[in-house]
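Colleague: Below is a structure I'd like to ask you about.
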Amino acid sequence: MANFYKGENPATAVVLSVVILLVFLVAPCCRADECSHLQMSLLPNVQLVSEKSSICGARFDFFWGQNRAVEGFDLGIINGAESMNGVQIGVINLLASKDLIDSWGFQFAVINDAIAYDAQYTGAQVSLFYNSNGGDVHGLQAALFLDRARDMRGVQIAFANSAQDMRGVQIGFANSAQDMHGVQVALWNYTLGSCNGLEIGLFNSCQTLHGVQIGLVNLVTSRQSSFYYFTPLINVGF
């Protein structure tokens with residue numbers, strides 16, 4: 001203990017301090033009869049607190065943990081919840097909202113998957129493989145392979161980025177959106193509907209253009225909103 005407090009284990013001290021801070025910051029917002037401050041889990045039916053309960057503090061999932069809500073710090077292999085407010089670190093972070101509960105915070109994993117079709121996630125989702133969100137994302141999605149959201153307000157950075165209503169920036173090898181307000185930068189940019197802003201890539205395509213396309217091939221399928229239906233290098237529409 002003496003070595004710990006003398007600072008010979010600074011990394012351990014920082015991690016423990018963050019966990020303790022999150023526990024005490026988040027715990028007061030939840031009533032004692034609704035939340036447990038600590039959860040340890042092996043499987044959803046082999047854990048300290050029932051999966052129907054919420055955690056307001058810290059959860060450690062040695063394999064797979066499942067709870068209604070987690071507020072605070074979540075660390076494990078498979079982290080499952082209907083909503084998450086705080087920091088979640090795992091191999092798989094899984095949000096499945098039955099009651100359309102919004103979440104916020106920071107997620108880091110190999111896979112972040114949110115099966116929450118009308119719920120909103122605010123914050124950052126960072127993964128080594130992909131981020132998939134059936135609801136709305138306000139903030140950042142960053143992955144090596146795929147970022148996917150229904151309505152995106154912020155930044156997507158991945159090999160492939162996809163959103164229905166994109167308002168912000170997409171950066172990758174391939175970007176796609178139903179409607180785009182902002183900037184797309186990739187080798188291939190595809191907007192099924194209206195593009196409002198800037199597309200930069202080798203191939204740019206949209207139905208209507210209110211902005212600028214810069215690329216080897218620029219395609220607009222509606223002549224009414226662009227000076228040119230097809231043009232190389234640069235295309236401008238109003």
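Colleague: What single numbered condition from (1) under 25 Å from R167 (Cβ atoms); (2) of a type outside the set (D, E); (3) outside any loop (DSSP other than H, G, I, E, B) fails to hold for I101?
Modeller: (3)
Colleague: What number of residues within segment 61-74 satisfy the criterion of being in contact with a Phe, Trp or Tyr (Cβ under 9 Å, 6 or more places away or on another chain) and more than 13 Å from M84 (Cβ to Cβ)?
Modeller: Count: 0.
Colleague: Residues of segment 150-189 being among the aliphatic types (A, V, I, L, M) and crowded, with 23+ Cβ neighbours inside 10 Å, which ones? Before you say what the answer is, go through the steps one by one.
Modeller: Taking segment 150-189 and keeping what is among the aliphatic types (A, V, I, L, M), we get 152, 155, 157-158, 160, 163, 166, 169, 171, 174, 177, 180, 183, 185-187.
If the condition is that a residue be among the aliphatic types (A, V, I, L, M) and crowded, with 23+ Cβ neighbours inside 10 Å, then M152, A158, A163, M166, A177, M180, A186 are the ones that fit.
Colleague: Enumerate the strands (runs of 3 or more DSSP E) found wholly within segment 160-238, keeping only those where 1 or more residues are among the hydrophobic types (A, V, I, L, M, F, W, C) and within 23 Å of the chain's Cα centre (by Cα). Give the derivation first.
Modeller: Details: elements: 160-171, 174-185, 188-200, 203-220, 230-237.
So the answer is 160-171, 174-185, 188-200.
Colleague: So, one more: Which one of the conditions (1) at pLDDT 95 or above; (2) surrounded by fewer than 20 Cβ atoms within 10 Å (Cβ to Cβ); (3) of a type outside the set (S, T, Y); (4) within 20 Å of I92 (Cβ to Cβ) does G134 fail to meet, given that it meets all the rest?
Modeller: Exception for G134: condition (1).
Colleague: Just one of (1) modelled with pLDDT of 95 or more; (2) over 22 Å from L43 (Cα atoms) trips up Q88, so point out which.
Modeller: For Q88, the exception is condition (2).
Yes/no per residue for (1) surrounded by fewer than 23 Cβ atoms within 10 Å (Cβ to Cβ); (2) assigned to a strand (DSSP E or B):
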site	(1), (2)
D74	no, yes
I78	yes, yes
V87	yes, yes
T122	yes, yes
Q141	no, yes
L144	yes, no
R148	no, yes
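The values are calculated or read from the model by the stated rules, or taken from the named source; none is laboratory data. Keep in mind that this is a model prediction, so the values were computed, not measured. Here the Cβ is made from the backbone with ideal geometry for all residues, glycine too, and neighbour counts use every protein chain on show.
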